[in-house]
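Scroll down for the structure; my scribbles are underneath it.
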Amino acid sequence: MKFCSACGHPVTQRIPEGDSRLRFVCESCQTIHYQNPNIVAGVLPTWGSQVLLCRRAIEPRRGFWTLPAGFMENAETLDQAARRETVEEACAQVGDMALYQLFDLPHINQVHVFFRAELADRDFAVGVESLEVRLFEEHEIPWGELAFRTVTRTLECYYRDRVRQHYPIGHEYLPPMNVAPTP
């Protein structure tokens, strides 16, 4: 950040009085610009034993497969964001949703949240952000062509939990790819 969004003057980085973190502060109007993580909301949509995946038509990871998901918008609930992304990417409607997987990705300032949900029907199609949309059985999942680690982990957890028919809410920290996890 270089300029204040309130008055247009240059900002500096410093720890404001009463705070403990480095922030962008406008020395002209004294506005403190807080920067917070982005939330990605998505759905693991199923139809019986199949999972609906979308092949991305946009960067990052164009051409790779993903679960319908995207950045949450202001004035939107997690549920609304996940449903909107499912419509945008797969033209699909889902029934009741259950919170399923949470991922902390502090190295990219994001939190990813996935719900489990059954498709309302088999009426789905390629959305504006997808090249292809289709249902996959577990043995058909293109594991080497999945776009994001959070998608891979969500699917791994789903197939593990499906055997037991017990779907606990998972919460994981995913470090950067080249960093070993802390014990």
Contact list, first residue from segment 140-161 and closer than 18 Å to W47 by Cα, second anywhere and in a helix (DSSP H, G or I), beta-carbon distance below 7 Å, six or more apart or interchain, is I141/L155; Y159/E138
So which residues in segment 61-77 are surrounded by 16 or more Cβ atoms within 10 Å (Cβ to Cβ) and of a type in the set (A, V, I, L, M)?
L67, A69, M72
Looking at segment 149-180, which of its residues are within 22 Å of H107 (Cα to Cα) and out of contact with any Leu (no Cβ under 9 Å at 6 or more places or on another chain)?
M177, N178, V179, A180
Are any residues in segment 92-111 surrounded by fewer than 17 Cβ atoms within 10 Å (Cβ to Cβ) and in a loop (DSSP other than H, G, I, E, B), and if so, which ones?
Q93, N109
Can you name every residue in segment 116-162 that is of a type in the set (S, T, Y) and in a strand (DSSP E or B)?
S130
State all residues of segment 42-96 that are touching a residue at least 24 places away in the same chain (Cβ under 8 Å), at positive phi and out of contact with any strand residue (DSSP E or B) (no Cβ under 8 Å at 6 or more places or on another chain); if no residue qualifies, say none.
R61
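Please go through segment 111-123 and pick out each residue that is closer than 17 Å to G70 by Cβ and touching a Ser or Thr at 6+ places or on another chain (Cβ under 9 Å).
H112, F114, A117
Taken together, the values in this text are just the output of simple stated rules run on the coordinates, not laboratory data. It should be emphasised that the depicted structure is a prediction, and the values quoted were computed from it without experimental measurement. Don't worry about glycine lacking a Cβ; one is built from the backbone with ideal geometry, like all the others, and counts go over all protein chains shown.
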